[in-house]
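**Student:** Take this structure, written in structure tokens, and hold onto it; I'll ask about it next.
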Amino acid sequence: MFEIIFMEDNHNCETCGSDYALGYIIKKDGEIVIDKTPVATCYDGAHYDQNEAYLDLIRLHDIEVDISHEVINEYEYRFEDEYNV
Ligand SMILES: [Zn+2]
């Protein structure tokens with residue numbers, strides 16, 4: 001069984017303020033197979049896009065996936081939109 005554990009790390013520094021980082025680990029039968037543990041720190045922390053967890057899970061199964069992004073209907077921004085109620 002695979003297990004995805006989403007993680008959040010927090011760090012507070014008197015000089016830099018607070019930082020937080022997101023990440024995850026994936027386990028298979030209790031063993032860690034993907035380690036993207038987040039590290040919140042003053043700089044050079046480790047942040048991982050949590051959406052990637054599912055991609056990693058797919059990759060672990062040697063399934064090739066082509067992911068793309070298409071815009072069906074482009075939204076045309078009009079200045080008046082902001083003021084018309
Ligand atoms: Zn700091």
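All of the numbers you see were taken from the coordinates with simple rules; none came from a lab. Remember, it's a predicted structure, so these values are computed and weren't measured experimentally. Methodologically, a virtual Cβ is constructed for each residue, glycine included, from the backbone with ideal geometry; neighbour enumeration extends over all protein chains shown.
**Student:** Taking the dipole about the Cα centre of the chain, with the C-beta of Lys and Arg at +1 and of Asp and Glu at -1, give me whichever of Phe2, Gly17, Tyr75 is farthest to the positive side.
**Tutor:** Phe2
**Student:** Taking the Cα centre of the stretch 2-82 as origin and charging only Cβ (+1 Lys, Arg; -1 Asp, Glu), how large is the dipole, in debye to the nearest 20?
**Tutor:** 420
**Student:** Let me ask something additional. Quick one: length gained pulling Val71 to Asp35 fully straight, 0.36 nm per residue minus the C-alpha distance?
**Tutor:** 9.6 nm
**Student:** What does the charge count around Gly45 come to, taking other residues whose C-beta lies under 9 Å from its C-beta (Lys +1, Arg +1, Asp -1, Glu -1)?
**Tutor:** Neighbour charge sum, excluding Gly45 itself: -3.
**Student:** Would you calculate, for the chain, the mean residue ellipticity at 222 nm contributed by helices, counting each DSSP H stretch of 4 or more residues as -39,500 (n - 2.57) and dividing by all residues, to the nearest 500?
**Tutor:** The helix-only estimate for the chain comes to -2500 deg cm²/dmol at 222 nm.
**Student:** I would also like to ask the following. Which of the peptides 19-28, 4-13 is most tightly packed, and how do the rest follow, judged by the mean count of other Cβ atoms within 10 Å per residue?
**Tutor:** The packing order, highest mean first, is 19-28, 4-13.
**Student:** How large is ³J(HN,Hα) for each residue in the stretch 41-46, as worked out from phi by the Karplus curve 6.51 cos²θ - 1.76 cosθ + 1.60 (θ = phi - 60°), to whole Hz, x for Gly and Pro?
**Tutor:** Calculated HN-Hα couplings, in order: 7, 5, 7, 6, x, 10 Hz.
**Student:** Still on this structure: Report, please, the projected area of the chain averaged over directions, based on the convex hull of its C-alpha atoms, in nm².
**Tutor:** 10.7
**Student:** Mind telling me which of Asp66, Asp56, Asp29 comes out most flexible in a GNM of the chain, alpha-carbon contacts under 10 Å?
**Tutor:** Asp66
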